[in-house]
Amino acid sequence: MHQSLEVFYEKVNECPLRDRQFNFFELVYVISGTGHHAVNGNKFAYFAGDLFLITPKDCHEFDLEGICEFMVIRFGEGYVREYQWQSIDHIECLLYYASDLSGSVLVNNDDKRMAGSLMASLRQAIKHESVYSEDLVRHLVNAIIVIAARNLAIIKPQNITPHEDNRLLQILDYIQEHIRQPELLRVAVIAEKFGLAPTYLGSYFRKQCNESIQHYISSYRIRLIEHRLRFSDKRIHEIADEFGFADESHINKFFKRHKGASLKGYRRALTPA
């Protein structure tokens with residue numbers, strides 16, 4: 001990639017590059033046409049209105065059944081570093097689930113329609129460049145990221161389907177919103193927030209998600225800390241402060257217990273020799 005963000009439209013009757021593996025993230029939206037999308041050996045039928053997220057280490061290709069139209073959004077680590085929306089970190093949610101996502105991101109029908117409108121606007125924005133075109137493109141892409149993240153929050157964990165259990169989705173939203181405030185993520189506090197007994201919350205969450213609520217919270221915090229180490233220049237004590245740890249020693253013990261390395265060691269391993 002020559003820029004931190006690239007957006008383009010393509011109309012093709014065959015995949016120009018097969019079994020591709022890039023060093024950037026890619027969102028591919030199907031405007032029209034049908035076929036199959038293969039990611040790391042898994043194959044899924046695709047249709048108009050589907051949105052796929054491909055990560056840097058994924059091998060993927062499209063098998064087209066006739067002429068198809070796509071909008072493609074590519075962004076690298078530079079764009080992730082620049083992403084500055086001040087509410088919930090939508091792009092972190094997107095990247096948190098990216099490694100085990102294969103099918104279409106969009107599962108909510110209202111969001112499918114909204115994504116379609118945004119993609120049409122995005123196509124117009126790149127077709128007719130004028131003053132502030134780059135700002136407009138970035139705002140549209142950011143809105144698409146928010147929609148994708150919202151749908152990922154619905155379809156993960158894998159056994160949750162849209163509107164299947166509203167209370168569980170609310171609990172997951174609460175955890176994501178307060179992931180930097182450990183005092184609000186104690187089981188007793190969450191249970192009281194949702195009018196449940198702590199013991200019931202634990203068994204309920206495990207039954208619905210196939211893991212304990214403590215494990216889910218810890219895994220989510222670890223992924224976000226990894227995100228900070230990879231995509232930000234924050235110092236270790238700043239990351240510790242952000243996620244509510246008492247000091248560097250505390251966050252290092254937590255991180256090493258889960259990842260087998262200190263934060264500095266993990267960051268060094270990410271830096272090319």
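How much length would be gained if the chain were fully extended between residue 218 and residue 44, taking 0.36 nm per residue of separation minus their Cα-Cα distance, in nm to one decimal?
Numbers: separation 174, 0.36 × 174 = 62.64 nm, distance 3.13 nm.
Additional length available on full extension: 59.5 nm.
List, in order, the whole-Hz ³J(HN,Hα) value for each residue of the range 225-234 obtained from phi through the Karplus relation with A = 6.51, B = -1.76, C = 1.60 and θ = phi - 60°; use x for Gly and Pro.
Values, residue by residue: 5, 4, 4, 5, 5, 7, 10, 10, 9, 4 Hz.
Treating only the Cβ of Lys, Arg, Asp and Glu as charged (+1, +1, -1, -1), what charge dipole size does the range 166-270 show about its Cα centre? Round to the nearest 20 debye. Provide the component values of the computation, followed by the final result.
Values: 19 positive and 12 negative charges, 99 e Å.
With only Lys, Arg, Asp and Glu charged at Cβ, the dipole is about 480 debye.
Relative to the present Cα-Cα distance, how much length would full extension add between residue 193 and residue 261 at 0.36 nm per residue of separation?
Working: separation 68, 0.36 × 68 = 24.48 nm, distance 3.48 nm.
21.0 nm is the gain from fully extending residue 193 to residue 261.
When the Karplus curve 6.51 cos²θ - 1.76 cosθ + 1.60 is applied with θ = phi - 60°, which whole-Hz ³J(HN,Hα) does each residue of the range 210-219 get, with x for Gly and Pro?
Computed from phi, the couplings for the range 210-219 are 6, 7, 6, 5, 5, 5, 4, 5, 4, 4 Hz.
Mind checking which lysines have their C-alpha under 29 Å from residue 112, skipping anything on the same chain fewer than 8 residues away?
Qualifying lysines at Cα under 29 Å: 11, 43, 57, 127, 156.
Would you mind getting me the FRET efficiency between residue 9 and residue 230? Use the beta-carbon distance for r and R0 = 30 Å, nearest 0.05. Show your work: numbers first, answer last.
Values: r = 30 Å, r/R0 = 1.01.
E between residue 9 and residue 230, to the nearest 0.05, is 0.50.
Since every read-out is calculated from the coordinates, none of them should be taken as a lab result. These numbers come from a predicted model, not from an experiment. With ideal geometry, Cβ positions are generated from the backbone for all residues, glycine too; neighbour counts draw on all protein chains shown.
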